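Written below as structure tokens is the structure these notes are about.
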Amino acid sequence: MKAVIQKGRNEPAAIRIPSSKSMTHRALIAAALAEGDSRIFHPSVNLDTDATIRCLEQLGASVKMHDDLFEVYGCGLRLPSSGTLLDCGESGSTLRFLIPLFALSGNEYFFTGGGKLMERPLAVYRDLFHEAGLLFEQNGAVLRIRGPLKGGTYRIPGDISSQFISGLLFALPPAEEDSVLHIIPPYESRGYVRLTEETLVQAGISVRDEGNTIYIPGNSRYHSSDWFVTGADSQAAVFLALGCMAGQTVEVQGMRHDSLQPDHQIISILRRMGAAIEETEEGYRVLPAELHGCEIDLADCPDLGPVLFALAQRAEGETVFRNAGRLRFKESDRIAAMQEELEKLGGNLHADGGTVIVRGGSRLHGALLSGHNDHRIVMALSALASGLDETVTIIGAEAVNKSYPEFFSDLSTIGPQVHMITE
């Protein structure tokens, strides 16, 4: 599918962002592991959360959608028989959160997925399983595992992905033994681990976080609960950045001012770049302002990378991004993808290891772009295109279905003209 984007009206606009995918994944897992009924209000509905639901139903959980509500019947930890195949779609959260959970059994399970999912790093689990004498064998797009994973002491690198830490946090409470996770510095994306810990506490599991060491009680049971999912700060970042790039007043609704989501850093980052941002009752409003480059650390908010690269192209001067290396191991190599597409538009992005430098101020023009089968690349390029004088066409625009199926419909309400072409 192609998205053809042209600059439209430049009037004040408001948008209500969709719910957080990260928080929906976590609530679904906790609800499925509890005994009895839980409700998840305002869940994020997309291909990634569909994958998590599909896999949790292999545990015997039942998830039903009612308007803006998931009703989840959990059945505790009742792992299926050997040979079960778990299709994780293209969801890294689904795969990494559930591998250790299914490994609690001595049964053999198979994981698979689409796109580049099975090419993304899994060495943290591979090494952990091998050290414990457990099976962890990957053959192309199929991963075979066999437990039983037991409680105990584990050392986990903190600079690969926080999803490995969260996966163990979900899996180890039902183990018979207490567990301790030692996080090897540098410890990045710590905010996502805090979201997992917040989920566990609401589900009745009291973990103790002492910085680089997390204590997890064994023989713990998940309790049913009502979950209220807040807006996705990662999606809010796209529309806030769009307002900055298009010189348009945009109010983003559905954001909590006290959000724990790591991508909430978009507010402080934009302000450091010169953006004028006001708090509103339901979120934030960005006003037209001159932007300038600065230094930005992506260690704890890597998902902001693509849209910030685009934004930096519209700022005066040079913007330097530190600790961006993990962007190469997402749905696409997000550094290479943005470099390729920004150059087509007349922009300038240079990468050296984990450092990315964007030189802003170039006159950008229309172009035919690729979405690289990556939802965040498509959204970042769409936001940038919304403020350009010439037409931009993005091939592979359907990638947004992974996290935000209504993206282009919502985008058109902001002001740009959006035409979708089915190939």
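The values are calculated or read from the model by the stated rules, or taken from the named source; none is laboratory data. Since we're looking at a predicted model, the values are computed, not measured. Areas reflect the complete protein model, heavy atoms only, side chains present, ligands, DNA and RNA absent. Shrake-Rupley method; radii C 1.70, N 1.55, O 1.52, S 1.80 Å.
Some observations on this one:
- For the stretch 264-423, the calculated P(r) over all alpha carbon pairs, in 5 Å bins from 0 to the bin holding the longest distance, is 2, 9, 18, 22, 22, 18, 8, 2, 0 percent.
- Rg then Dmax, both in Å and based on the Cα atoms of the stretch 377-423: 10.1, 29.
- Prolate/oblate/rounded label for the stretch 332-423 (Cα gyration tensor, a/c 1.5): oblate
- Heavy-atom SASA rank of Glu108, Glu341, Glu423 (probe 1.4 Å, accessible area, largest first): Glu423, Glu108, Glu341
- Scaled radius of gyration (Cα, divided by 2.2 N^0.38 Å) that the chain gives: 0.97
- Within the assembled protein chains, the solvent-accessible surface assigned to Thr391 is about 60 Å², based on a 1.4 Å probe.
- Heavy-atom surface analysis with a 1.4 Å probe gives the stretch 1-130 a carbon and sulfur content of 46 percent of its accessible area.
- Radius of gyration and maximum dimension Dmax of the stretch 220-344, Cα, Å: 15.8, 54
- Portion, in percent, of the accessible area of the stretch 279-355 that falls on carbon or sulfur, probe 1.4 Å: 40 percent
- DSSP beta bridges confined to the stretch 239-348 are antiparallel in about 70 percent of cases.
- One decimal place: the segment Glu176-Asp209 gains 9.9 nm when fully extended, by the rule 0.36 nm per residue minus the C-alpha distance.
- Out-of-range pairs (alpha-carbon distance over 29 Å; input Lys21/Lys344; Lys64/Lys150; Lys21/Lys64; Lys7/Lys116; Lys344/Lys402; Lys7/Lys402): Lys21/Lys344; Lys64/Lys150; Lys7/Lys116
- Over every Cα atom in the stretch 257-296, the radius of gyration and the widest Cα-Cα span, Dmax, amount to 10.7, 30 Å.
- From phi via Karplus (6.51, -1.76, 1.60), per-residue ³J(HN,Hα) for the stretch 393-403 in Hz, x at Gly/Pro: 10, 10, 7, x, 5, 5, 4, 5, 4, 4, 10
- Each DSSP beta bridge with both residues in the stretch 27-138 is either parallel or antiparallel, and the antiparallel ones are about 75%.
- Rolling a 1.4 Å probe over the protein chains gives Asp68 an accessible area of about 80 Å².
- Length-normalised contact order for the chain - Cα pairs under 8 Å, 6+ apart - percent: 20 percent
- Take Lys330: with every protein chain present and a 1.4 Å probe, its accessible area is about 40 Å².
- Whole-angstrom Cα spans of the stretch 1-105 along principal axes, big to small: 57, 28, 18
- DSSP-defined antiparallel bridges as percent of all bridges, the chain, nearest 5: 70 percent
- Rolling a 1.4 Å probe across the protein heavy atoms gives the stretch 167-307 an accessible surface of 37 Å² per residue.
- Solvent-accessible ranking of Asp48, Asp127, largest area first, probe 1.4 Å: Asp127, Asp48
- Accessible surface calculations at 1.4 Å, restricted to protein heavy atoms, place the stretch 105-160 at 48 Å² per residue.
- Looking at the stretch 166-232, the pairs of alpha carbons with a distance over 20 Å make up 27% of the total.
- Which of Val142, Val400 is most accessible, then next, and so on - probe 1.4 Å: Val142, Val400
- Per residue accessible area of the stretch 319-423, 1.4 Å probe, in Å²: 37 Å²
- In the chain, the DSSP-assigned H stretches of four residues or longer account for a calculated mean residue ellipticity at 222 nm of -9000 deg cm²/dmol, using -39500 (n - 2.57) per stretch and the full residue count as denominator.
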